[in-house]
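Working notes for the structure below.
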Amino acid sequence: MLEFVLLAVLYAQQPPSPFGKPPAQAIEKVGDNLYKIGAIEVDTARRTLTVSGFSNDVTTLEFIANTVGGAKAYESALTLDTNAVKFNAALMLLGLDPSHARRAAYHLDPAAPAGDTVDITVEFTRRGENVRINASELIYDTPAREVLPGTTWVYTGSAFINQVGYLADIDGVLIGFVHSPAPVIESPRGLGTRRYGDLVLNPNLGLAAGTPVRLTVRAISVTQK
């Protein structure tokens, strides 16, 4: 039953096509509590999803992760091997509910988004050593000369615009932190007086462009509105 519901979600969120809606991407059960949606691995017992990707050639950041070919790669730390429809379906498979969300009304909305909470970690290899960080450690506050403190993130689910498509896929963004309506996951942290260009990819990580990464999202809590 769960797979059927998620297949319906995948089908409903496919962008319009001149040849009609394309077939939904299958959710493949690969073990007890284990599923695959494209390149995304889902463990419903641990309430985690994991997906591979690579670091972008970028300095200024507004997003943590973009889709394959996403238009915002120039201000995203990572490209993940998925699209937004599959990413959102995987999160819903973990029990996260978009009806609990309060999305940003517009880009740089000062009001903090809200929703079910998640933890995000990123792993990569540096000089032969495995490095595991909280996703917030990708972001360096240049004026303050410090990494942003660790935080939980909120699932907003992005939005579907009639006759247009799924906003996260249109903008090509998955995880953001500047309070935009497009990402599937957002940061509830306020931006304060920071200006564009203040937040950059953390130079202390030594994360060269093209470095393979693994990103894991873990569902923490489901909170009713």
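Would you mind estimating how fast the stretch 104-193 diffuses translationally, via Stokes-Einstein at 4 °C and 1.567 mPa s with the Kirkwood radius over Cα pairs, in µm²/s? The diffusion coefficient I find is 90 µm²/s.
Annotation: average projected area of the stretch 41-107 is 5.4 square nanometres, based on the convex hull of Cα atoms across all directions. For the stretch 50-169, the alpha carbon convex hull comes to 132 Å³ per residue, rounded to a whole number. Proximity of backbone amide H atoms, modeled 1.01 Å from N, is registered between residue 56 and 78, 79, 210 at under 5 Å, excluding neighbours fewer than 5 places apart on the same chain. Summary value for the stretch 107-196: 31 percent relative contact order, contacts being C-alpha pairs under 8 angstrom separated by 6+ residues.
Under 5 Å from the amide H of residue 64 lie the amide H atoms of 77, 175, 176, 177, each residue being 5 or more positions distant or on a separate chain, with H modelled from the backbone and absent for Pro and chain starts. 3J(HN,Hα) along the stretch 175-185, derived from phi through the Karplus expression 6.51 cos²θ - 1.76 cosθ + 1.60 where θ = phi - 60°, amounts to 10, x, 8, 9, 6, 10, x, 7, x, 7, 10 Hz, with x in place of Gly and Pro. A full extension of the chain between residue 45 and residue 152 corresponds to an added length of 36.5 nm, given 0.36 nm per residue minus the alpha carbon distance.
Here, each number is a calculation from the coordinates, and none is a lab measurement. Bear in mind that the values here come from a model prediction, so they are computed numbers and not experimental data.
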